[in-house]
Each structure stands twice: as C-alpha cells, then as structure tokens.
Amino acid sequence: MTNNNLEIPSLLTNLETELKSLILTKELKDPLMIGIHSGGAWVAEQLHQRLNIQAPLALMDISFYRDDFSQMSTHPKVQPSQLPIDMENRDIILIDDVFYTGRTVRAALNEIFDFGRPNKVILGVLIERDGRQIPLQPDCVGCSITLPAGQRIKLTGPSPLGIHIQSFSTEQTAA
C-alpha cells in the first residue's frame with residue numbers, strides 16, 4: 001500500500017471488518033477490548049463503539065513492561081493502566097496503532113498475564129509495518145506497509161487522528 005492510501009477512515013473500516021469476522025469465527029464471548037496508550041487507545045475508542053463491545057473499554061500503559069524502559073528519557077510520560085482486576089479466561093481484543101518490532105505487544109501481553117490467564121487474545125492494529133524483531137504478528141490489520149530504513153510512522157491524535165511518516169537517525173530506536 002502506498003503512503004497516499006493511509007486514510008484513517010478506510011483503515012478503521014478495514015480493521016473493523018477484519019475484527020468483526022474474527023469475533024464471529026473465533027466465537028468470542030463478551031470480549032474485553034484493551035487499547036495500548038496512546039495511539040492504540042485512540043484507535044480502540046473508535047472501534048469499541050463501532051463493534052458495540054459491551055464490556056467497558058480498558059486502557060493500558062506498558063511503559064514499565066518494556067524491555068527498553070531503562071533507556072527511555074529521564075521523565076517518561078507514564079499513565080495508569082485501567083484494566084479489570086481479573087482477566088482469567090476472558091476473550092481479549094488488544095488494539096495498537098502501529099505494529100513494528102513486536103516489543104510493544106510483548107510488553108502488553110506480559111501485563112495482561114499479570115492480571116490472569118486469558119482465554120484468547122486477538123491482536124488488531126491500524127497499521128502493520130515491516131521490521132518485526134519478535135515472533136508475533138497481528139490477527140487483524142487496517143493495512144500493511146513497507147517503509148525505508150530511517151523512517152517511522154506515527155499516529156497523532158486523539159482528535160482528529162492523523163498519520164505522519166517521520167525520518168529519524170538510525171541510532172534511534174522505535175517500538
């Protein structure tokens with residue numbers, strides 16, 4: 001997909017369609033939707049309404065679960081997670097904005113399992129890009145793209161949601 005086709009409404013519709021299909025196929029029962037701060041939470045807020053999920057939307061900040069937390073700036077913006085106390089045997093739909101290396105999702109799964117062992121976890125992302133470093137992949141995507149080295153994609157928001165391609169030096173790391 002070209003960068004010109006990165007239109008938020010169509011990406012949300014694509015992701016919604018894939019999630020609806022997977023919810024039916026996997027027979028998810030009263031799923032809990034969790035959005036990963038910050039971009040994943042913005043996407044999850046919209047999908048939660050579109051999919052008519054009955055359980056309250058849960059939000060998580062995986063900062064303390066990241067394997068690079070000690071390398072983050074001296075004042076990281078950590079927000080409290082808003083998760084149910086018990087996730088034992090729950091069907092979970094985990095939402096993030098951009099899937100890149102897989103490290104954010106690994107951290108999110110670690111936090112989820114600290115609250116209990118879920119029945120199923122479905123991963124939905126607005127954008128999947130090349131560069132996976134951990135053997136994880138999304139179940140549902142709004143689109144998949146390839147970016148040259150030295151570029152990253154960033155969701156801005158929350159209102160309106162926007163997508164920006166940024167250039168960075170190769171010494172910087174990205175989630």
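Overview of values
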{"read-out": "Potential extension, Thr13-Glu88 segment - 0.36 nm per residue separation minus Cα distance", "value": "24.0 nm"}
{"read-out": "Principal semi-axes in Å for segment 95-142 [√(5λ), Cα gyration tensor, largest first]", "value": "19, 12, 8"}
{"read-out": "Lys/Arg +1, Asp/Glu -1 at C-beta; segment 116-173 dipole; positive extreme among Leu126, Leu161, Gly116", "value": "Gly116"}
{"read-out": "10 Å Cβ shell holding at most 13 others, DSSP loop, GluC sites (Glu not before Pro): longest site-free stretch of the chain", "value": "89-170"}
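Read-outs: derived from the displayed coordinates by stated rules, not from any lab. Bear in mind the structure is a predicted one, so any value in this text is a computation, not a measurement. Note that we place each Cβ from the backbone using ideal geometry, even for glycine, and neighbour counts take in every protein chain shown.
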